[in-house]
Amino acid sequence: MSGRVKGTVYVFICVALWALIPVVSKLGQTTLDNHQFLFWSSLVSFVVLGISVILTGNLNKFSEYSFKDWGYLSVLGLLGTYIYYLFLYLGYSKAVGMEVLVIQYTWPVLIVIFSIFILKEKLNIIKSTAVILGFTGVIIVLTKGNFKNINVSNGLVIVLVGAGAACFALFSVLSKNINKEPLGLVAIYFLTATFASFFSMNYFSGFALPSSSEIIPILVNGIMVNGFSYLFWMLALRSTDASWLAPFVFITPVLSAIYLIVFFREPFVFAYGIGLILVVIGGLVNSIKKDI
């Protein structure tokens, strides 16, 4: 089996797992709120990734980290694995899943904007097109095709989901130049999320054990969606070029939309489909490696 074929198989496994976020978010929050669900999921993810770090012999890599490294990585963990997921889980528990899904996948478009200001990257035709397509898709979803007014199921929650997407985009941009062992990095990020969600859970909500029906979604989310999916992603990157893999990632929101409609009978508004298509195309356009 060639490296490209292996990489494609691995990335499809990642896509199938990542697309489960709306499903596990809904099923895992029948009695738990977003703070509690995030705590248990992050704890499981950290344990799984921590064991993986030990088994792969990378534990000694942590001794190379300076105090400054730990502080910087903790901030990134707050952005990418705490705030992002906290608001995302809130969205899937309180708002219409299709609206949340489209807003969630604005982060590839937001990466373009942040890269211009933070990394001083040039704005070209490809990037401009990606931004226009992405935000047009968002506007269509928010207005449901009626451009005279914005009509969303829960405006504040959708705004928070958008803020979470911006945090993940910022996390991605700031992580671009980090040259550390990736498995250890992800373990640190989820360690940060575990501590942060523990404190926010006790401050904003309260400590709660998951119900019997929530245990499986938490384990699936912690072990597979946020755990081993990272391992498959790294195997994919080691098997073939990232430029080959990037377009496959944008199958994720499409598959998530199918999950929402099939498993939860979410109402499908035609505008949702148009908005989702535009956001996905925007991400695909941004993955084109050509300076125009």
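The values are calculated or read from the model by the stated rules, or taken from the named source; none is laboratory data. Computed from a predicted model, the values in this text were never measured in an experiment. Every residue, glycine as well, gets a Cβ built from its backbone with ideal geometry; the counts of neighbours run over all protein chains shown.
Residue-by-condition table, conditions (1) touching a Gly at 6+ places or on another chain (Cβ under 9 Å); (2) surrounded by fewer than 19 Cβ atoms within 10 Å (Cβ to Cβ); (3) of a type in the set (S, T, N, Q); (4) part of a helix (DSSP H, G or I):
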residue: LEU73; (1), (2), (3), (4): no, no, no, yes
residue: LEU79; (1), (2), (3), (4): no, no, no, yes
residue: TYR92; (1), (2), (3), (4): no, no, no, yes
residue: PHE117; (1), (2), (3), (4): no, yes, no, yes
residue: LEU133; (1), (2), (3), (4): yes, no, no, yes
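Only one residue in LEU17, LEU38, LEU43 is within 14 Å of TRP233 (Cβ to Cβ) and assigned to a helix (DSSP H, G or I). Which one?
Working: LEU38 fails: within 14 Å of TRP233 (Cβ to Cβ); LEU43 fails: within 14 Å of TRP233 (Cβ to Cβ).
Just one listed residue meets the conditions, LEU17.
Could you tell me how many of the residues in the stretch 69-102 are of a type outside the set (Ser, Thr, Tyr) and over 12 Å from PRO22 (Cβ atoms)? Before you say what the answer is, go through the steps one by one.
Within the stretch 69-102, the subset of a type outside the set (Ser, Thr, Tyr) is 69-71, 73, 75-80, 83, 86-88, 90-91, 94-102.
Restricting the remaining residues to those that are over 12 Å from PRO22 (Cβ atoms) gives 69-71, 73, 75-80, 83, 86-87, 90, 94.
Count: 15.
Here is a check on your reading of the model: is TYR203 at pLDDT 90 or above, at negative phi and not in a loop (DSSP other than H, G, I, E, B)?
Values: at pLDDT 90 or above: yes; at negative phi: yes; not in a loop (DSSP other than H, G, I, E, B): yes.
Yes; evaluated as a whole, the condition is true for this residue.
Pairs only if they're at least six apart or on different chains, beta carbon under 6 angstrom, first in the stretch 119-133 and at negative phi, second hydroxyl-bearing (Ser, Thr, Tyr); list them, first residue then second.
Close Cβ pairs satisfying both conditions: GLU121/SER115.
Table: residues versus (1) touching a Phe, Trp or Tyr at 6+ places or on another chain (Cβ under 9 Å); (2) within 30 Å of LYS180 (Cα to Cα).
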residue: LYS68; (1), (2): no, yes
residue: ILE83; (1), (2): yes, yes
residue: GLN104; (1), (2): yes, yes
residue: THR129; (1), (2): no, no
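Go through the stretch 224-274 and report how many residues are acidic (Asp, Glu) and at pLDDT 75 or above.
Initial filter on the stretch 224-274 (acidic (Asp, Glu)): 241, 266.
Subsequent filtering for residues that are at pLDDT 75 or above retains 266.
Of the residues in that region, 1 qualify.
Table: residues versus (1) surrounded by fewer than 23 Cβ atoms within 10 Å (Cβ to Cβ); (2) in a helix (DSSP H, G or I); (3) on the phi > 0 side of the Ramachandran plot.
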| position | (1), (2), (3) |
| --- | --- |
| VAL186 | no, yes, no |
| ALA196 | yes, yes, no |
| PHE199 | yes, yes, no |
| PRO210 | yes, no, no |
| SER213 | yes, yes, no |
| LEU219 | yes, yes, no |
| GLY222 | no, yes, no |
| LEU231 | yes, yes, no |
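I need the full set of residues from the stretch 119-130 which are of a type in the set (Lys, Arg) and surrounded by fewer than 13 Cβ atoms within 10 Å (Cβ to Cβ), in order please. So that I can check it myself, show each step before the final result.
Step one: filter the stretch 119-130 for residues of a type in the set (Lys, Arg), giving 120, 122, 127.
Those that are of a type in the set (Lys, Arg) and surrounded by fewer than 13 Cβ atoms within 10 Å (Cβ to Cβ): LYS120, LYS122.
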